[in-house]
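Every read-out reported here was derived from the displayed coordinates using simple, explicitly stated rules and does not represent laboratory data. Predicted, not measured: the structure shown is a model, and the values here were computed from it. Counting neighbours? That spans all protein chains shown, and the Cβs are built from the backbone with ideal geometry, glycine included.
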Amino acid sequence: MSDLERRYRRLLLAYPRAYRRERGDELVTTLLEGAPPDRVRPAAGDAWDLLRGGLRLRFAPPHGRRYRVFALVGALAVGYLALAATARTTLDDDPGDQVLATAMALLPPDAGSTGVGDREWTSFGGPTELVFTFATEPSAIDGLTADIRARAVAQGFTAGPLEPGHRFTLDRAGQTAVVSVADGETYAGTAMSFEARFPWPAALLPAGIAALVLGGLTGWLASAWTLRRFRTRRPAGQLAIALVGVPSLLFVAAAAIGTVGAARGDLGPAVWAGGFFERLGILGLLVTLLLAAVLPRAGPLVAARPPRDNLRAGIRLVTVAHLAFGLPIAAVFVTFTVRMLVTGADRAAMVSGAHDPKEVLPLAVFAPIALLYYAGVVLSPLLLLVSVPLLGVGRGRVGPMTWRVLLAAAISAAVLPALLLTPYGGDVATWWMD
Amino acid sequence: MAMQEPTFFILTALAEQPLHGYGVIRAVTELSGGRITLRAGTLYAALDRLTEEGLLVVDREEAVEGRLRRYYRLTDDGTGALSAEVERLRANAAMAAARLRRTTKLAFGPAS
């Protein structure tokens with residue numbers, strides 16, 4: 001082996017081992033044939049090209065816009081999960097919500113009052129703001145401010161000097177609040193109302209950004225790996241990965257949207273609590289990785305592909321997707337009915353919480369059914385947009401049995417979610433959602 | 001969607017006869033008048049993609065002086081994709097030429 005070949009082979013280490021095994025010798029042949037006779041070191045351009053090609057195969061999603069979009073969604077999903085976990089951990093130790101108790105202690109004892117407490121999205125660290133608004137004459141505000149300040153001092157606070165705008169700071173055991181008192185419109189017509197605006201913990205900003213970046217990067221790499229594996233699996237394996245992976249991403253997206261929606265005006269840790277959909281999404285994403293790791297690959301990369309009948313493949317794919325979404329919905333109906341018959345409970349008793357489906361079914365059965373049930377309720381009717389045209393196009397062009405199975409699958413996709421809208425189905429859905 | 005130029009030249013290089021990796025690189029350089037010089041890493045990324053899309057297939061393998069050479073050829077889909085691209089380029093060129101002719105006539109004014 002010449003020095004040049006040895007150096008080329010060293011550069012090829014950038015490529016994954018499986019790729020080197022399949023393509024390594026061929027690549028080296030091409031490189032050596034293209035090299036001038038006096039060359040002893042790889043040209044810088046060739047070296048960079050090989051490094052870039054190898055790293056792309058190791059870390060980038062497969063070629064194509066679809067794959068890049070999925071990798072991006074995966075990156076966002078894992079970035080969100082990392083951010084949520086960081087927010088939960090940080091907020092669990094945060095005394096922010098104790099400030100409401102502080103505010104309550106400062107209220108005039110005889111005043112009818114209402115109040116709210118929330119976090120500012122944009123505020124990290126810094127003091128809590130306590131705003132007291134009285135429905136009274138402006139001239140009374142001086143006295144009311146002095147009362148509140150005196151009450152705070154009696155509670156052990158160190159009060160700062162009175163500042164313009166009836167503001168003063170309070171400090172106790174490292175907890176700082178800025179109080180401002182004003183006259184104006186109160187909530188619900190009470191004599192006074194107060195608002196507590198407390199910040200997110202200062203540590204959450206750097207920790208959150210780091211979690212988002214590292215989580216996003218991890219998500220990108222994991223998605224790219226999964227998609228590269230997906231591309232080389234057999235069609236049945238690809239379907240299994242897609243059926244678990246796509247709903248899982250949707251569940252995480254639903255949890256993320258829910259968090260953003262609920263965070264405004266909420267006290268914090270509860271918003272990031274994760275919830276059922278997030279846990280289901282995480283479980284599904286882990287199962288997707290597992291499937292990508294264990295399912296066998298379709299064949300060698302450079303082998304010729306047999307000619308493909310796209311119509312038949314499309315019909316099979318849609319049929320299996322319909323059935324994969326329909327069967328869990330049917331399973332939920334059957335489980336509900338069987339449970340009712342076996343225990344003698346009526347429908348009201350079933351939805352009372354005494355027959356929790358998570359206790360009726362083992363987790364290993366419950367989790368996949370739940371994943372496909374929720375995805376199926378949404379996606380299965382949408383799939384009809386594909387399966388109905390396929391029924392029209394495929395009639396006479398595919399075997400009668402294949403066509404009939406698709407017809408049955410399409411009918412089930414319309415009927416099963418519709419059954420959930422009946423009174424009985426409504427009870428089934430309520431019971432399943434616990 | 002328009003085909004990228006290196007892809008177009010790789011398919012064109014293989015339209016006449018099966019070629020091995022270095023043969024493709026040489027043919028692409030020649031066909032493009034020296035404008036496009038493929039490097040091995042880039043070439044094999046393209047060959048992988050085109051094989052996966054069913055446009056190319058391995059024709060045969062040879063051992064020359066103990067080295068592995070793999071020859072690639074166009075599939076029917078590959079020939080179809082190249083023909084479609086040729087048609088697209090031809091239509092674009094014809095449209096541009098027609099516009100240029102009109103512009104030239106306008107510049108000189110209508111013949112009287």
State to the nearest 20 debye the size of the charge dipole of the protein assembly as shown about its Cα centre, where the only charges are +1 on K and R beta carbons and -1 on D and E beta carbons. 3340 debye
Taking H placed 1.01 Å from N in the peptide plane, check which residues at least 5 places from residue B:72 or on another chain put their amide H under 5 Å from its amide H. B:19, B:20, B:59
Convex hull volume per residue in cubic angstrom - Cα atoms of region A:95-200: 100 Å³
Please give the helix A:310-343 orientation as an angle from the longest Cα principal axis of chain A, in degrees from 0 to 90, rounded to the nearest 10. 50 degrees
Partner chain Cβ atoms within 10 Å, averaged over the residues of B:50-63 - can you pull that number for me? 3
Normalised Cα Rg of region A:308-434, dividing by 2.2 N^0.38 Å with N its residue count, works out at 1.21
So if I average 1/r over every pair of distinct C-alpha atoms in chain B and take the inverse, what Kirkwood radius in Å does that give? 15.9 Å
What's the magnitude of the charge dipole for chain B around its Cα centre, counting Lys and Arg as +1 and Asp and Glu as -1 at the beta-carbon? Answer in Debye, nearest 20. 740 debye
Pop out the ³J(HN,Hα) list for region A:184-191 in order, Karplus 6.51 cos²θ - 1.76 cosθ + 1.60 with θ = phi - 60°, rounded to Hz; leave Gly and Pro as x. x, 7, 9, 5, 6, x, 7, 5
Listed residues A:318, A:390, A:340: farthest to the positive end of the dipole of region A:308-434 (Cβ charges): A:390
Counting other chain Cβ atoms within 10 Å of each Cβ in A:5-16 and taking the mean gives 1
Of the convex hull drawn through the C-alpha atoms of region A:153-249, the volume per residue in Å³ is 210 Å³
Of the convex hull drawn through the C-alpha atoms of the protein assembly as shown, the volume per residue in Å³ is 339 Å³
Sequence-distant or interchain residues sharing an amide H contact under 5 Å with residue A:123, placed H: which? A:200
Using only Cα atoms, find the angle between the long axis of helix A:65-92 and the longest principal axis of chain A, and express it within 0 to 90 degrees, rounded to the nearest 10. 30 degrees
For region A:3-59, what are the per-bin percents of Cα-Cα distances with bins 10 Å wide, up to the bin holding the maximum? 24, 59, 16, 1
Measure nothing fancy, just the Cα-based angle from helix B:21-31's long axis to the longest principal axis of chain B, in degrees from 0 to 90, nearest 10. 20 degrees
Residue-averaged [θ]222 nm for the protein assembly as shown, counting only DSSP H segments that reach four residues, each worth -39500 (n - 2.57): -21500 deg cm²/dmol
How many partner chain Cβ atoms sit within 10 Å of a residue's Cβ in peptide A:40-49, on average, as a whole number? 2
Given charges at Cβ of Lys, Arg, Asp, Glu: chain B dipole, positive-most of B:3, B:72, B:100: B:100
